[in-house]
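Enquirer: One structure, as structure tokens, below. Some questions next.
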Amino acid sequence: MAGSTWKQLRDDGAFELLGELFPDVLTGHALLEDAGVNPAILIPFAPPLTAADWWRATCQALDRGRVAGVRPSDLLVAAAARYPDHAELRNLAGGTAPAATVRVLCLMSAPLDEARLRLGAEQRVIREAEARSAGRLTVTVHPATRIADILPQLDAALPRIVHFAGHGTDDGRLLFEDGTGASAAVPVEALTPALGLHAPLDCVVLNSCWTAAYAEGLLSCAHTVVGTVSELDDDAGLAFAEGFYSSLAHSPDIERACAAGRAALRLNGHSPDDLRHVSRTESGT
């Protein structure tokens, strides 16, 4: 049903189906972002509108060209990618459920007043996984990330996975850069409001030292958070990144990717316990 009009979707009951599958702000906005739509430019998802009415109005706005290059049927394609076994949704999307594209935002930082890191090598292994993914991964890398860059980069990339690579401190801070390239510390929990604007994220990867103790604090905005239990040397960080993203190049399963990252750690002579991941299900959130 590629190119279906708003009237066709209305007659086929698409708005009611979207309302059932994506009934609230978090799930609705996540689907819009999957389709490449910034939710902020559309009408708010709030009472007295029901979920079905909101999807009706949203699809009508897209049908009228509110977002260049995005049609109402694109939402169904994105929804079918999230629910590949849903027959009715698959039919509405045109009979096929394409593999979901996972958008990754890498925020990398190596301040000049800290020990040198091999961030170029980490970027390379992630880019190589993207190249092998046949379109399953789309990676945006922002080097030398300053605090002021975080919100604009999130808005531009609309990521499903946010990956931080750089230094972390044992009191739970990530080291970004200031205007001169020196360290600018941000507590891990201070990232929650920024990441929450794009919740629910599939995963946040904190590939830096001492972050595991603070990972659960980010579960309000991500289904899974990966952190390190102590110091993390460059080789271990590279091994995890290569295993994690090589897995995502073939499957969007985050649990499988975490397992692949731990397997890569062991294969490269590191303890798989160097990194820990927490998820909403295991934490009870």
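The values are calculated or read from the model by the stated rules, or taken from the named source; none is laboratory data. Worth saying up front: this structure is predicted, and the values here are computed from it rather than measured. Backbone-built Cβ (ideal geometry, glycine too); neighbour counts: all protein chains shown.
Enquirer: Go through region 12-46 and report how many residues are hydrophobic (A, V, I, L, M, F, W, C) and touching a His at 6+ places or on another chain (Cβ under 7 Å).
Expert: Total satisfying the criteria: 0.
Enquirer: Filtering region 248-285 down to residues that are under 20 Å from Leu119 (Cβ atoms) and at pLDDT below 90, which residue is surrounded by the most Cβ atoms within 10 Å (Cβ to Cβ)?
Expert: Leu275
Enquirer: Is there a residue being modelled with pLDDT under 85 and either under 21 Å from Ile161 (Cβ atoms) or not polar (S, T, N, Q) (or both) anywhere in region 43-50?
Expert: yes
Enquirer: Then there is this: For region 104-125, enumerate the residues that are touching a strand residue (DSSP E or B) at 6+ places or on another chain (Cβ under 7 Å), outside any loop (DSSP other than H, G, I, E, B) and closer than 16 Å to Ser208 by Cα.
Expert: Selection gives Leu105, Cys106, Leu107, Met108, Leu119, Glu122, Gln123.
Enquirer: Which of the residues belonging to region 190-210 are modelled with pLDDT of 90 or more, closer than 15 Å to His277 by Cα and not aliphatic (A, V, I, L, M)?
Expert: The answer is Asp202, Cys203, Asn207.
Enquirer: Looking only at region 64-93, count every residue that is crowded, with 17+ Cβ neighbours inside 10 Å and assigned to a helix (DSSP H, G or I) and tell me the total.
Expert: 14
Enquirer: Let me ask something else. Can you tell which of Ser133, Ser109 is of a type in the set (S, T, N, Q), touching a Phe, Trp or Tyr at 6+ places or on another chain (Cβ under 6 Å) and in contact (Cβ under 8 Å) with a residue 60 or more places away in the chain?
Expert: From the options Ser133, Ser109, the qualifying one is Ser109.
Enquirer: Moving to a separate point now. Residues of region 168-220 being free of Cβ contacts under 8 Å to residues at least 24 places away in the same chain and aliphatic (A, V, I, L, M), which ones?
Expert: Answer for region 168-220, where residues must be free of Cβ contacts under 8 Å to residues at least 24 places away in the same chain and aliphatic (A, V, I, L, M): Ala185, Ala190.
Enquirer: Looking only at region 36-63, filter to residues that are among the polar types (S, T, N, Q) and over 24 Å from the mean Cα position of the chain (by Cα); which one of those is surrounded by the fewest Cβ atoms within 10 Å (Cβ to Cβ)?
Expert: By that ranking, first place goes to Thr50.
Enquirer: Oh, and also: Only residues that are under 12 Å from Pro159 (Cα atoms) and either out of contact with any Cys (no Cβ under 6 Å at 6 or more places or on another chain) or of a type in the set (Ser, Thr, Tyr) (or both): list them for region 185-200, please.
Expert: Within region 185-200, Leu197, His198, Pro200 meet the criteria.
Enquirer: Hey, another quick one. Can you tell me which of Leu218, Leu191 is more than 17 Å from Ser109 (Cα to Cα) and within 18 Å of the chain's Cα centre (by Cα)?
Expert: The conditions single out Leu218.
Enquirer: Among the strands (runs of 3 or more DSSP E) contained in region 150-247, which hold 1 or more residues that are touching a Lys or Arg at 6+ places or on another chain (Cβ under 9 Å) and buried (at least 23 other Cβ atoms within 10 Å of the Cβ)?
Expert: Qualifying strands (runs of 3 or more DSSP E): 161-165, 173-177, 201-207, 222-228.
Enquirer: Something else now. Cβ-Cβ distance below 7 Å, separation of 6 or more or different chains: which pairs start in region 44-56 with a residue that is under 20 Å from Arg66 (Cα atoms) and end on one that is β-branched (Val, Ile, Thr) and not in a loop (DSSP other than H, G, I, E, B)?
Expert: Between residues of region 44-56 that are under 20 Å from Arg66 (Cα atoms) and residues that are β-branched (Val, Ile, Thr) and not in a loop (DSSP other than H, G, I, E, B), the close pairs are Phe45/Val25.
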